[in-house]
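Undergrad: The structure that follows is given in the form of structure tokens.
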Amino acid sequence: MTSPIRTERRDNVLVVISDNPPVNALGQAVRAGLKDAIEKALSDEAVEAVVIRCDGRTFFAGADITEFGKPPVGPNLPETLDAMEASDKPVVAAIHGTALGGGCEVALACHYRVAVPSAKLGLPEVKLGLIPGAAGTQRLPRLVGAEAALPLVVGGNPISAKKAQGIGLVDEIVGEDSLEADAIAFAKSKIGQPVPRASEGTANEDGVRDPDLFDRFRASQARKIRGFDAPNAAIEAVKAAGTMSYAEGVKKERELFTELMSGTQSAAMRHYFFAERAANKIDDVPRDTPLIPIRKVGVIGAGTMGGGISMNFLSAGIPVTILEMNQDALDRGTGTMRKNYENTAKKGRMTADQVEQAMGLLTPTLSYDELADCDLVIEAVYESIDVKKEVFGKLDKVVKQGAILASNTSYLDMNEIAAATQRPGYVLGMHFFSPANIMKLLEVVRGEKTRDDVLATVMKLSKTIGKVAAVSGVCPGFIGNRMLSKRQEQANALIMEGANYWEVDEVLLDFGFPMGPFQMGDLAGIDIGWHRDPSKVATVREALCAVGRFGQKAGKGYYDYDEARQRTPSNEVKQIIADFAAKEGKEHREISKDEIRERLLYPMVNEGAKILEEGMAQRASDIDVVWINGYGWPLYTGGPMFWAQTIGLDTVVEGLGKHGLPVSNYLRERAADSGKFD
Ligand code: 3HC
């Protein structure tokens, strides 16, 4: 087998080149090739400096994740990098694309780093439930200081070449189109000088002078890292860089890395990494399906949803025509969009120019005719099948042939909506989640007649606008809301049987959700879909609405809210629930946290199994993608279906039986068979 690493001599500089598509992951062959190349450079007297660069779209994007969990085959990355750093001849990393994880660690082991302006550098291991494992946590703080290293190692987000230069991670920014030549010139300029080694750096002393730095940083990240093991280990490792010798620090890093690697969180997060990528692929749609160019988008409805949806496209530089019924609603909607952008700018995440650029791509209109030349129109109007059918009938008449018509419905029958047009092949669901400009998930609903090119186009488009997409078949509530309804059913039943509603919320908070079902009700508004007749009270929700407890916006819903939106349980609500339970003849009993958790979550897994059995989701991991990105299911458990496998499908089956809840045949079969869904 030919090695992915080749070398080319340019005068007295040896250029070491990796060609391991798609992302130059540091698999065994790459590591072996790198180590050989360094040995070759060291033993060849004619070579006085080394440049390491990659072919293709990126510098090394990290260790090869597919090798994780398999028996290791040498050489390992740390020893390869140690050999590199030990060289007395200057070694220069020439970076383009994304130098991530192990790739960033390669760069750190080099004596110098040059990068093109578009390059990014980062240590995203925490996103896989890990910390850097090839001395990244020890070399980086010694090179740039603990304070600058912490956000990189703990947050995992990459930084631009310019920022990297600002903290001392990159030595020189070179020409976008002349990386190799500039790197060679740079390397030549360093020949004969003593080489700087990151492992010998002293910048980490900032953490010794100010040891509180680490606790302050931990506190500032508390909300983001709640429940995750890796960020705390990452802080510990960076701290060790200041309190231990380099060799001891590396040992500490290895211990922490190994512990995380064998834990369930990392397994779950690695599962998610591949799940997210798999979800964008549709098994029966060829990868080379020609796409429909999307140059202009129409959005119907300038409410919260329509506005948020539009912002996704504007931010990606795609012009949007937004339609409303009357001028007031149109002005209100576009005003809110501008305000949202301006708030983002105030937080420093956008420049004032970018705000104007985005808003400049927006055309507000009251006329359907202005949607005629859109390539894609997304409808975000009132959730009623009749209203939607009318809108699609109209759209079909005015919008050019070949354009895609999408509905943002969250549970209606997409096939029926498509049938209101003469082009059902061009119709599908694009279910965004509120706030649509922020939430990552896009549930793409494939109708019976949706064409392959339409589906493939929307999946590709989802990436352009920064969404994570998963495909659902047509069924009430699709994947996400269909499973949510099972959880809500149990939440409602539990409070009738004696569980306090705040306990139900707490169980989900403890599990790792950002909020529980009753908090979610308060946030969304209890009065959604309410008939507005206080004298007609058939449910707890209606009883709350009847006394004006509409949720957070009214200062009271299930909970009472103070000015800072802090919630406290309400006696009034407790009484309403108790009265209801008494009326229905339900006896209150003590309900344990375990029972609450099992009854909330197991029926979701069961519904997920039914969704798979009916072919409404392509794979179990797609369901995980939906729940992690759309509903706050904790990433570190891998999503409902992966989590169920972790605790054992037989445990779920048994638990459902114990609580008298239905068990689908498919779940039973999977539990009895492999214990796995896919
Ligand atoms: N190992 C194995 N495969 C990888 C990989 C990796 N590190 N990174 C990406 N891939 C694969 C993807 O699974 C995908 O495969 P597919 O086409 O079969 O689905 C393919 O490469 C292309 O990836 P993307 O679709 O994600 O391509 P993008 O262009 O959108 O993104 C990227 C490129 C920014 C490099 C992104 O892939 C990424 O973030 N990769 C992971 C980076 C990472 O986490 N690195 C750290 C690894 S852990 C580590 O290094 C430990 C060390 O400290 C010892």
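The values are calculated or read from the model by the stated rules, or taken from the named source; none is laboratory data. Quick caveat: nothing in here was measured; it's all calculated off a predicted structure. All Cβ positions, glycine included, derive from the backbone under ideal geometry; neighbour counts span all protein chains shown. To get the accessible areas, we keep the full protein, side chains included, count just its heavy atoms, and leave off ligands, DNA and RNA. Shrake-Rupley method; radii C 1.70, N 1.55, O 1.52, S 1.80 Å.
Undergrad: Can you flag which of K120/K296; K440/K610; K467/K556; K252/K463; K296/K388 are past 27 Å Cα-Cα? Before the final figure, lay out the partial values.
TA: Working: K120/K296 30 Å; K440/K610 25 Å; K467/K556 33 Å; K252/K463 38 Å; K296/K388 22 Å.
In this structure, K120/K296; K467/K556; K252/K463 exceed 27 Å between Cα atoms.
Undergrad: For segment 614-672 and segment 240-309, compute the distance between their C-alpha centroids and round to whole Å.
TA: 21 Å
Undergrad: Treating only the Cβ of Lys, Arg, Asp and Glu as charged (+1, +1, -1, -1), what charge dipole size does the chain show about its Cα centre? Round to the nearest 20 debye. Can you show the working numbers first?
TA: Numbers: 79 positive and 92 negative charges, 122 e Å.
It works out to roughly 580 debye.
Undergrad: For the pair K593/V208, report the inter-label distance in nm, with labels modelled 7 Å from Cα in the Cβ direction.
TA: About 4.3 nm separates the two model spin labels.
Undergrad: Follow-up. Write down the accessible area per residue of the chain in Å², having rolled a 1.4 Å probe over the full set of protein chains. Please list the in-between numbers first.
TA: Numbers: 29360 Å² over 678 residues.
On a per-residue basis, 43 Å².
Undergrad: For segment 36-127, would you read off the P(r) tail past 21 Å as a percentage of all alpha carbon pairs?
TA: Details: 1435 of 4186 pairs.
Roughly 34 percent, rounded to a whole number.
Undergrad: If I compute solvent accessible area with a 1.4 Å probe over the protein chains, what percent of it on the chain is carbon and sulfur? Don't skip to the end; give the middle numbers.
TA: Values: 14960 of 29360 Å².
So the carbon and sulfur contribution to the accessible surface is 51 percent.
Undergrad: Let me know the volume per residue of the alpha-carbon convex hull for the chain, in Å³.
TA: Taking only Cα atoms, the chain has a hull volume of 181 Å³ per residue.
Undergrad: What pairs from K127/K163; K35/K281; K224/K347; K389/K486 go past 24 Å between their alpha carbons?
TA: Beyond 24 Å between Cα atoms: K35/K281; K389/K486.
Undergrad: What fraction of the Cα pairs in segment 297-476, stated in percent, has a spacing above 30 angstrom?
TA: Percentage above 30 Å: 12.
Undergrad: Still on this structure: So how much slack lies between K553 and S674, counting 0.36 nm per residue of separation and subtracting their Cα-Cα distance, in nm?
TA: 38.8 nm
Undergrad: Give the angle, between 0 and 90 degrees and rounded to the nearest 10, that separates the Cα long axis of helix 327-346 from the longest principal axis of the Cα atoms of the chain.
TA: Long axis of 327-346 versus the principal axis of the chain: about 30 degrees.
Undergrad: What FRET efficiency comes out for the pair D284/T351, r = Cβ-Cβ distance, R0 = 45 Å, nearest 0.05? Numbers along the way, then the final one.
TA: Numbers: r = 44 Å, r/R0 = 0.97.
For R0 = 45 Å, the calculated efficiency reads 0.55.
Undergrad: From the convex hull of the Cα coordinates of segment 447-551, what is the mean projected area in square nanometres? If you can, show how the numbers build up before the last one.
TA: Working: hull surface 37.3 nm².
Here the figure is 9.3 nm², rounded to one decimal.
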